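Participant: Below are the structure tokens for one structure; questions will follow.
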């Protein structure tokens, strides 16, 4: 078998995500949504970790691989079902990333490692898993928070405060520092929401 290649794995993930039928604009170009998301993940990975490992490059690129195949609508409404959906997505993303890595020559141990990272079972205990979560949170805050807020404007203020606090609680001190710097670029109403949530963390 040929030597393991990170380029092989990233190209295969990109090919999978380019099949997303849902589209999103990136720099005035309409592209498949999960492909766009994966590029944001890669950019923020390199922002937070200047020399990331191959496994982290693959895990971040595969964070949402083929997520459209497991839509949220497949699960009932409610917070419990939401978390069940998220966990199922993580397992699916982990399996797909591991399959791709195996096809690109990676050892079973590396494939299994990335699969564990993507399921986030070791969040707060494992440095790689924490880095993945930090990257995902930064992408959410920068690219998707404003639209998520607009799409759910009916939420009560207290629910929004809980969402911000939960997101903050999943991040490391390093990501907190970058998120605070990023917050100044958010719309004013989101800046005020973050300030209120973090001033009263209870």
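Participant: Apply the Kirkwood formula to the chain: the hydrodynamic radius equals the inverse of the mean of 1/r over all pairs of different alpha-carbon atoms; give it in Å with one decimal. Mind dumping the intermediate values first?
Facilitator: Numbers: mean 1/r = 0.0562 Å⁻¹.
It is 17.8 Å.
Participant: In deg cm²/dmol and to the nearest 500, what is the mean residue ellipticity at 222 nm of the chain if only DSSP H runs of at least 4 residues count, each as -39500 (n - 2.57), divided by the residue total?
Facilitator: -20000 deg cm²/dmol, from helical runs alone.
Participant: Okay, moving on. Give me the orientation-averaged projected area of the Cα convex hull of region 1-119, in nm², one decimal. Kindly include the intermediate steps, with their values, before the conclusion.
Facilitator: On the way: hull surface 32.6 nm².
Over all viewing directions, region 1-119 projects a mean Cα-hull area of 8.1 nm².
Participant: Mind telling me which of 61, 165, 33 comes out most flexible in a GNM of the chain, alpha-carbon contacts under 10 Å?
Facilitator: 165
Participant: Of 25, 42, 167, how do they rank once you tally other Cβ atoms within 10 Å and put the fewest first?
Facilitator: Sorted ascending by nearby Cβ count, the order is 25, 167, 42.
Participant: Could you tell me the center-to-center distance, by alpha carbons, between region 75-138 and region 164-199 in angstrom?
Facilitator: Computed from Cα coordinates, the inter-centre distance equals 24 Å.
Participant: Separate question: What ranking do 101-111, 153-163, 187-197 get when scored by the average of other Cβ atoms within 10 Å per residue, highest first?
Facilitator: Details: 101-111: 17.4, 153-163: 12.1, 187-197: 14.5.
The densest-packed peptide leads the list: 101-111, 187-197, 153-163.
Participant: Compute the FRET efficiency between residue 147 and residue 182 as 1/(1 + (r/R0)^6), taking r as their Cβ-Cβ distance and R0 = 22 Å, and round to the nearest 0.05.
Facilitator: On the way: r = 16 Å, r/R0 = 0.72.
Efficiency at R0 = 22 Å is approximately 0.90.
Participant: Return a whole-number percent for the relative contact order of the chain, with Cα pairs under 8 Å and 6 or more residues apart as the contact set. All intermediate terms of the calculation are to be shown ahead of the outcome.
Facilitator: Numbers: 213 pairs, mean separation 38.2, N = 202.
Reported relative contact order: 19 percent.
Participant: What is the angle, in °, between the Cα long axis of helix 6-17 and the longest principal axis of the Cα atoms in the chain? Nearest 10 is fine, range 0 to 90.
Facilitator: It works out to around 60 degrees.
Read the figures in this text as sums done on the coordinates, not as results from a lab. Treat the numbers as computed from the prediction; the structure is a model and nothing was measured. Cβ atoms come from the backbone with ideal geometry, glycine included; neighbour counts cover every protein chain shown.
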